[in-house]
Amino acid sequence: MTSIKVKFRSSSTDGKEGKLYLQIIHGRKVRQIQTEHRISKSEWDERKGNIKIVRHDQRAKRLTEINESISFEKERALWIANRLGTRFPDYTADDLVAEYHTYISRFSIFNFMSNEISDMVKRGKIGTAGSYKSALNSFIKFINDRNFVIDNLCPTTISDYEAYLKSKHLVPNTTSFYMRIMRAIYNRAGECGALIAHRNLFKNVYTGIDKTLKRAIPINSLQRIKNMDLSYSPSLDFARDMFMLSFFTRGMSFIDMAFTLKSDLQNGYLTYRRHKTGQTITLKWTNEMQLIIDKYPINTTDYLFPIIRNPRSNPRYAYRNAAYKINRDLKKVASLAGMSTHLTLYCARHSWATAAQTNGIPMNIISQGMGHGSESTTRIYLASIETSSVDRANYMILNSLENQISESQ
């Protein structure tokens, strides 16, 4: 039988707060698990063995938080003890303390997410790993505690985190993106053996997807970008070429461009596997694509496109640096082209989808061409991209109405 109680140890220094700890009694052995919680001697009820909370006292709120936290830590220790007992009936008090500390280390938000990110990188999910890394950095800044344990997440913490993200002036899709990552990590931790106490942890925060702002570039603007003379600036010229190359390859994402191998191009067809979905894409290699490749020195690496060019460089870092620099230069390209659009590499993907839709290409063909897992994903792209056709239809309807009114008069 295991007994776990919350205990208080006063400080040997007068006026200094004492520490709360968990007392473990098992097999006639007494052990302790230290906590980070501190309270004054006057705030501890020795007879009842709990914290004194006086309403309307200025410390009441903080003491309530400490009480809830230490109660959960006690519940966690009991849960670990029961789980340990099912595997090792003869476990000792020392085994329980060791298992508790192992659990805390494994499921700290920093350690657990870092391990998941490393695993993603090993599996080639570089883009997803980058997104998780951003979410981890964001949450650590919010919580200001690298040792925060995942099972301590509660609806209040998640709501406060959402408010924190909004205070940074992030758009709803970005805050939702971080929330969905945190939800995935929380569920994943549960699958790996963490104590998951809240099944509806994210019910009070936004985890949907809003329609995005228009990212597509009209054909006439694409032609203007394509025909610009940027020979005076190799950096801008390269950014423009990579943008157009993405468009020519049916909106190929930049991470796929960066890691496509020379061996993927055979017999006039390029075949590659999308990093995001794992779907295999095959497209016909055209003269427009080859002309851009021929503009640049032969790549001494195994990669087809002139993005990762140093054999000794770290491919992941080289890809990220190239993406950052190209997107920065595309802003200048857009300005030189007289465009107010926030031009990025991703715009090429949206632009190809819009151009296909404008030319009457069926939805299923567009979806297949972009490598989407379903047509619903393609519809999300197109729903927020092209509104001019609807505007023209509305103009015709209103004009027709005006004509009818004139004839009746």
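The values are calculated or read from the model by the stated rules, or taken from the named source; none is laboratory data. Quick caveat: nothing in here was measured; it's all calculated off a predicted structure. A quick note on method: Cβ atoms are made from the backbone with ideal geometry, for glycine too, and the neighbour counts reach across all protein chains shown. The accessibility values were calculated without ligands, DNA or RNA, using every heavy atom of the protein model including side chains. Shrake-Rupley method; radii C 1.70, N 1.55, O 1.52, S 1.80 Å.
Please work out if residue 105 is more than 30 Å from residue 174 (Cβ to Cβ), at pLDDT 95 or above and surrounded by fewer than 17 Cβ atoms within 10 Å (Cβ to Cβ).
When the stated conditions are applied, residue 105 passes them.
Going through 188, 224 one at a time, which residue ends up being in contact (Cβ under 8 Å) with a residue 60 or more places away in the chain and under 20 Å from residue 334 (Cα atoms)?
Step by step, each of 188, 224 is checked, and only 224 is in contact (Cβ under 8 Å) with a residue 60 or more places away in the chain and under 20 Å from residue 334 (Cα atoms).
Do we find a residue being in contact with a Gly (Cβ under 8 Å, 6 or more places away or on another chain) and assigned to a helix (DSSP H, G or I) anywhere in the stretch 159-171?
No.
Quick one: would you say residue 313 is part of a loop (DSSP other than H, G, I, E, B), closer than 20 Å to residue 130 by Cβ and open to solvent by 30 Å² or more (accessible area, probe 1.4 Å)?
When the stated conditions are applied, residue 313 passes them.
Considering only the stretch 261-300, state which residues are among the small types (Gly, Ala, Ser) and closer than 20 Å to residue 319 by Cα.
If the condition is that a residue be among the small types (Gly, Ala, Ser) and closer than 20 Å to residue 319 by Cα, then 263, 278 are the ones that fit.
Does residue 134 satisfy the condition of being open to solvent by 40 Å² or more (accessible area, probe 1.4 Å), modelled with pLDDT of 90 or more and within 14 Å of the chain's Cα centre (by Cα)?
For residue 134, the condition - open to solvent by 40 Å² or more (accessible area, probe 1.4 Å), modelled with pLDDT of 90 or more and within 14 Å of the chain's Cα centre (by Cα) - is met.
Scan the stretch 286-306 for residues that are surrounded by 17 or more Cβ atoms within 10 Å (Cβ to Cβ), in contact with a Phe, Trp or Tyr (Cβ under 7 Å, 6 or more places away or on another chain) and in a loop (DSSP other than H, G, I, E, B) and jot them down.
306
Pairs under 8 Å by beta carbon, first residue open to solvent by 100 Å² or more (accessible area, probe 1.4 Å) in the stretch 28-49, partner in a helix (DSSP H, G or I), six or more apart or different chains?
Listed by first residue and then by second, the contacts come to 29/93; 29/94.
Six or more apart or on different chains, Cβ atoms under 6 Å: show the pairs whose first residue is in the stretch 325-339 and farther than 11 Å from residue 235 by Cβ and whose second is part of a helix (DSSP H, G or I) and open to solvent by 90 Å² or more (accessible area, probe 1.4 Å).
Pairs that qualify, where the first residue is farther than 11 Å from residue 235 by Cβ and the partner is part of a helix (DSSP H, G or I) and open to solvent by 90 Å² or more (accessible area, probe 1.4 Å), are 337/224.
Which condition from (1) crowded, with 17+ Cβ neighbours inside 10 Å; (2) within 11 Å of residue 217 (Cβ to Cβ) is the one that residue 339 breaks?
Residue 339 satisfies every listed condition except (1).
Scanning for something open to solvent by 50 Å² or more (accessible area, probe 1.4 Å), outside any helix (DSSP H, G or I) and either at positive phi or modelled with pLDDT of 90 or more (or both), does the stretch 54-75 turn up at least one residue?
yes
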